[in-house]
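Reading through the structure tokens given below for one structure.
The values are calculated or read from the model by the stated rules, or taken from the named source; none is laboratory data. No experiment lies behind these values; they were computed from the predicted model shown. Every residue, glycine as well, gets a Cβ built from its backbone with ideal geometry; the counts of neighbours run over all protein chains shown.
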Amino acid sequence: MALTPLPPVRRILTGVNAEAVFPMTAENKFIGLFALGCRRDGAAYSEETLDLLSVLITMASISVDNATLFESLAKQNLQLSEVAKLKTQFVSTVSHELSTPLGTIAVAARELERSLDDTTGTAARHEDVRLIRGEIDRCKRVLQDMAGRTGELAGEAPTPQSLASLEREVLSQLSADERSRLDMSLPHTVMTRWPIGAVSRALANIVRNGIQASGSGERVSLSARCGADDQIILTVADRGVGMSAAVESRAGEPFFTTRAEGAGMGLGLFVTMSTIDQLGGTMHLASVEGEGTTITIALPADAAARVDA
């Protein structure tokens, strides 16, 4: 930043024993005044001395302004941190409080379905019960996403699993229609050491997003290969609507969604990114509006050290 020293204003303060007064400004803001006292020997200050003081006072003004700005930013960051803590507490509480009644409703729905098996002409009632159970499963997925919002892996320990096990777990997270639109290509014999539930939920979130972003009948692919440095590279690709640059820049923000109200909470991709980060992996998103989206995840084959850290 170029410094433009301001000339001193001589004897501007009435009743103040000052040889010169320097205005203190930064970025066109008035900060204060610097009063230079008279020399003890009564001699006048040289022009060179006044010019040097002017430069130093200009630098001091900028430093004071920067310190004030830093203090303001620190206060804002503290406020944002407190808001984030409150969000986490809220999500954790809601998730915990709703899990128990949903579990009770699920048990009651199963018992009701069993009792209907002994009754004739109950096809419509069976369909109602299946609808109830489907909505319960949907609520459970929302709660899993909300629990993931707190950045935890639900205490799940990494265990040795093949990618064949991961494939089964991912499929178990999807509906029949979603499974019918997924092309999966995983090398079944490759071994990993991951918290398989957390990783499968993360991948299912991405697959589900891809299917929802695609037209009717369009397919989504999930593939895996071995990469450098003992990493597993997982890729999910769709040919859906893609994302604009503005939407892509916000992808992964908690509670950000482009779907209609009630169609999603905007937590899926955020939870996925949190999970991958906790396991020491990386995630890259590439999207072209009107052409589709590809998400590439790189995970260490053995994530136990990262989880235990």
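Here's the yes/no breakdown for (1) part of a strand (DSSP E or B); (2) more than 13 Å from G281 (Cβ to Cβ):
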residue	(1), (2)
G197	no, yes
R201	no, yes
Q212	no, yes
E218	no, yes
R225	yes, yes
D229	no, no
V236	yes, yes
V241	no, yes
*In segment 188-222, how many are closer than 15 Å to T272 by Cβ and of a type in the set (K, R)?*
2
_Hits in segment 291-307 (condition: more than 22 Å from the chain's Cα centre (by Cα) and either at pLDDT below 90 or over 15 Å from V247 (Cα atoms) (or both))_ = A301, D302, A304, A305
*So which pairs qualify, if the first residue must be in segment 205-219 and β-branched (V, I, T), the second must be part of a loop (DSSP other than H, G, I, E, B), the Cβ gap must be under 7 Å, and the two must be at least 6 apart or on different chains?*
V207/L174; I211/R181
*Which ones in segment 230-254 are within 17 Å of Q212 (Cα to Cα) and either modelled with pLDDT under 85 or among the hydrophobic types (A, V, I, L, M, F, W, C) (or both)?*
V236, A237, V241, M243, V247, E248, A251, G252
*Is it true that V170 is at pLDDT 90 or above, crowded, with 18+ Cβ neighbours inside 10 Å and either touching a helix residue (DSSP H, G or I) at 6+ places or on another chain (Cβ under 6 Å) or on the phi > 0 side of the Ramachandran plot (or both)?*
yes
*Count, please, the residues in segment 212-257 that happen to be among the β-branched types (V, I, T), closer than 13 Å to E178 by Cα and surrounded by fewer than 20 Cβ atoms within 10 Å (Cβ to Cβ).*
0
*Assess whether L285 counts as being modelled with pLDDT of 70 or more, surrounded by 13 or more Cβ atoms within 10 Å (Cβ to Cβ) and not acidic (D, E).*
yes
*Based on what the data block shows, is A213 in the same structural domain as G281 (by TED's automatic domain parsing), touching a Gly at 6+ places or on another chain (Cβ under 8 Å) and either modelled with pLDDT of 95 or more or not charged (D, E, K, R) (or both)?*
yes
